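One structure below.
The values are calculated or read from the model by the stated rules, or taken from the named source; none is laboratory data. A quick note: this is a predicted structure, and the numbers were derived from the prediction, not measured. Positions of Cβ are generated from backbone atoms using ideal geometry, with glycine treated the same way; all protein chains shown enter the neighbour counts. These area figures cover heavy atoms from the full protein model, side chains too; ligands, DNA and RNA do not enter into them. Shrake-Rupley method; radii C 1.70, N 1.55, O 1.52, S 1.80 Å.
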Amino acid sequence: MSKMTPQEMAQKIGSGLLSFPVTPFRADYSFDEAAYRANMDWLCGYDVAGLFAAGGTGEFFSLTPTEVPQIVKIAVEETKGRVPVLAGTGYGTAIAREIAIGAEKAGADGLLLLPPYLTHSEQDGLAAHVEAVCASVKIGVIVYNRDNAILQPDTLARLAERCPNLVGYKDGIGDIELMTRVYTKLGDRLTYIGGLPTAETFALPYLDMGVTTYSSAVFNFVPEFATNFYAAVRKRDHETIHAGLKNFILPLIAIRNRKKGYAVSIIKAGMKVIGRDSGPVRPPLTDLTEQEIAELTALVKKLPAARSSQQAAE
């Protein structure tokens, strides 16, 4: 059971960079515990404010409800309290509650509530879904605003009144007008997280809107770059930010955009590039081609910190 209150967790994750570790699989798609433990221990050596076990980049959507708490438990054991560990939960309300309860028992410090599976809902239905998950646990909950789960400001305000442990809002759609209305309505009641794929592209404008943190998928395989980029964002160092976008992030996005699902696949490929092979993505996702991995390798080699990442894996 977490020793952090929901408010303590929210304050902590709002103070720095966040990341979603990949979930390593063997060639037969079974969970590779040894690789996961090694990766979690390695990532804890960098300046990160929170790690999300079994999140989106961790292929939550391909894990079973039984696997999620097991993976969270291992993450908690391996991080040893060095950083907060948050767990993904989602699907229908009953399954989301079941996973949430299991993750809390496994020691998670908080939850990220992903959109419900498949169906579209009215605001009242989405609110009931969020409230049910919040009521099932004592740890803090962050809602992920994206796809078929777009919560409007009035809905969020009602939930914030009814659910003391609803402490975070992660934006995954990039609607700046909606983000402004949400922040204006709720102010400091919630911690705000940038959650678009390759969130670095939105980091600076979102900072001016009160979004002090974001989830960096590339932190998985280029943590030095990711933490340096975040530091530049917080300093509003435009020169460093634009250089990072031009030389690494935007070329990476060009590869990512070639096929559906590559937002996760390219991170797994990055792990392979630096010598921390975390196996394939589970279907229905597909892995990068050998040519695309070669392109990603060339990008990583251009980074000043790439050599130290590779040496750490040896």
### Message
Based on this model, can you work out whether residue 149 counts as under 19 Å from the mean Cα position of the chain (by Cα) and either among the β-branched types (Val, Ile, Thr) or at pLDDT 95 or above (or both)?
### Response
yes
Restricting segment 270-286 to residues that are under 17 Å from the mean Cα position of the chain (by Cα) and aliphatic (A, V, I, L, M), the one farthest from residue 57 (Cα to Cα) turns out to be 271
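This table checks each residue for (1) in contact with a Phe, Trp or Tyr (Cβ under 8 Å, 6 or more places away or on another chain); (2) among the small types (Gly, Ala, Ser); (3) over 20 Å from residue 157 (Cα atoms).
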| residue | (1), (2), (3) |
| --- | --- |
| 93 | no, no, yes |
| 97 | no, no, yes |
| 105 | no, no, yes |
| 114 | yes, no, no |
| 119 | no, no, yes |
| 123 | no, no, no |
| 126 | no, no, no |
| 131 | no, no, no |
| 136 | no, yes, no |
Within segment 66-77, the residues that are of a type outside the set (Asp, Glu) and open to solvent by less than 50 Å² (accessible area, probe 1.4 Å) are 68, 69, 71, 72, 74, 75, 76
In segment 109-138, residues that are surrounded by 15 or more Cβ atoms within 10 Å (Cβ to Cβ) and among the charged types (D, E, K, R) total 2
Selection over segment 109-130 where residues are assigned to a loop (DSSP other than H, G, I, E, B) and without any contact (Cβ under 8 Å) to a residue 60 or more places away in the chain yields a count of 9
* Could you please let me know if residue 286 is open to solvent by 20 Å² or more (accessible area, probe 1.4 Å), at pLDDT 95 or above, among the hydroxyl-bearing types (Ser, Thr, Tyr) and not in a loop (DSSP other than H, G, I, E, B)? => no
query = Do we find a residue being more than 26 Å from residue 40 (Cβ to Cβ) and either in contact with a Cys (Cβ under 7 Å, 6 or more places away or on another chain) or not hydrophobic (A, V, I, L, M, F, W, C) (or both) anywhere in segment 217-231?
reply = no
Filter segment 1-18 for residues that are farther than 12 Å from residue 49 by Cα and not charged (D, E, K, R); the one that is most open to solvent (accessible area, probe 1.4 Å) is 1
Taking segment 21-58 and the residues there that are open to solvent by 10 Å² or more (accessible area, probe 1.4 Å) and aromatic (Phe, Trp, Tyr), the one that is farthest from the chain's Cα centre (by Cα) would be 29
Exactly one of 276, 258 is assigned to a loop (DSSP other than H, G, I, E, B), modelled with pLDDT of 95 or more, open to solvent by 60 Å² or more (accessible area, probe 1.4 Å) and over 28 Å from residue 143 (Cα atoms), and that residue is 258
Restricting segment 78-87 to residues that are touching a residue at least 40 places away in the same chain (Cβ under 8 Å) and open to solvent by less than 10 Å² (accessible area, probe 1.4 Å), the one farthest from the chain's Cα centre (by Cα) turns out to be 84
